[in-house]
Amino acid sequence: MHIAHLLASSMGGIRAAGDLVARMQLSKKMRITEAKEYVADKLHVTPLDLSDPTLMRQLREELDIGVITGVPGIAKGMAAKVRIADLLDIKINCVEQFKKKTGLVSG
Amino acid sequence: MKRLVIIALALALFAGGAFSQKAEWLSKQPMPVSKDKVTLKIFTPQLVEIQDLDTNWFTKWYEAKTNVHVEWQLAPNETSALRQKLNLVIAAGDLPDVFLGAKIDSNLEARYGIDEKLFLPLNDLIDKNMPNFKAYLAKNPSVKGMITAIDGKIYGLPNVNECYHCGLSQKMWINKVWLDKLGLKVPTTTDEFYSVLKACDHVANDTGLPVEIGMSAEMVLGFHGQLEYNGKRLAGMWPHQQLQICEEAGCAIFGPVSNTNTKKTVPWNLGKALTFVKACTEIAKIPVHPNVGMGVGGVPMFETPAVDVVTRCSAAMIEIGHADGL
């Protein structure tokens, strides 16, 4: 059923920019339109581009914020999240905890 | 007889130390209590923790210190058997000098002390020979009330034990990390505690951690109307009202629910679900993620719902319901 939802109404998640839009809804309580505009602005694209998996794949590789497939050398997991937090200018709790535990300075 | 009673009192004073929390002995009786060896007969229940009172280390030390030999008259520890032995001893006239820990309640005290005058009143003896206990009673008048019989006489000495962890078992703990974050000190009054709680409540809503509240039905039952939030009764609330309560509570995402009526068609159920969701998204200040799945959000109740139904409901929620997600 998740696949049906994904194909019918999703923004594609990490395949495109759905995860970034979702983060803005969660962390800043933004409605979807506002969240899309915010993310598009940060990525220097249009809101419609956010649902384009081809465009977003390229952009995600350039920004190194994680992609849908496991490509060696590309950021994944915590590394990707740290970059996403910086890119969107938000605080992600697990990133903050990670920085605290490792003694890294919070950016 | 009077001489024996005084010795018993001195023994009790020395042994217990229960009447003074510090080792400030104000006793007028020097040790030993008697120059000549005297015998004191003490009736007491046999405790399982003590192997033999006659050979017990404390008994020997006590006797050496005071020059008083104790003749123990032992009874069973179990209450009814102890009471039976006590009554027998008194009926037989074989009275000891002291009853120690014999569980003599106020009824027995009244019977043997007040009515039959078998117990010696201790008021004057306490006054003249027990300065520590006298001082304790002056500081704790409630204790004096507890040990005084209805005729105004004291027939027995109490075992005083201030159990702090008993009286203060219901402790309250406070997270000092929160206090430090707010620059507050540990509250010492109920007013200060209330202020701390209000401040912590504010911080709790401002930690940055998002909270998503998802419902389980379109109508809240609210525990038979008993549940309220900010003065509003939860029972009977529809999704657009539930949303407002959740916004007040500080949640980040609200998930309304419309349960599928299995006697109705998919269009009917989807229409109903969209009506609720649209009513939410029109007024929502936070994202609305309706529940769409097996038996909810217009989707029929199957473990493997038909994919065309799922996709129609899903797309409708976004395009018509203006949901911010699912």
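The values are calculated or read from the model by the stated rules, or taken from the named source; none is laboratory data. A quick note: this is a predicted structure, and the numbers were derived from the prediction, not measured. For neighbour counting, all protein chains shown are included, and Cβ atoms are generated from backbone atoms with ideal geometry for every residue, glycine included. Heads up: the accessible areas ignore ligands, DNA and RNA and are worked out on the full protein's heavy atoms, side chains in. Shrake-Rupley method; radii C 1.70, N 1.55, O 1.52, S 1.80 Å.
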Residue check for B:Y194: surrounded by 11 or more Cβ atoms within 10 Å (Cβ to Cβ), at pLDDT 75 or above, under 29 Å from the mean Cα position of the chain (by Cα) and assigned by TED's automatic domain parsing to the domain that holds B:T260 = no
Look at B:M294 and say whether it is surrounded by fewer than 18 Cβ atoms within 10 Å (Cβ to Cβ), under 22 Å from A:G13 (Cβ atoms) and not aromatic (F, W, Y).
-> yes
Scanning region B:258-309 for residues that are of a type in the set (V, I, T), more than 9 Å from chain A (Cβ to nearest Cβ) and in contact with a Phe, Trp or Tyr (Cβ under 7 Å, 6 or more places away or on another chain) gives none
Could you list all residues from region A:28-37 that are farther than 12 Å from B:I286 by Cβ and either within 9 Å of chain B (Cβ to nearest Cβ) or touching a residue at least 40 places away in the same chain (Cβ under 8 Å) (or both)?
-> A:T33
Would you call B:I154 open to solvent by less than 90 Å² (accessible area, probe 1.4 Å) and among the hydrophobic types (A, V, I, L, M, F, W, C)?
-> yes
A:K91: within 14 Å of chain B (Cβ to nearest Cβ) and part of a loop (DSSP other than H, G, I, E, B), yes or no?
-> yes
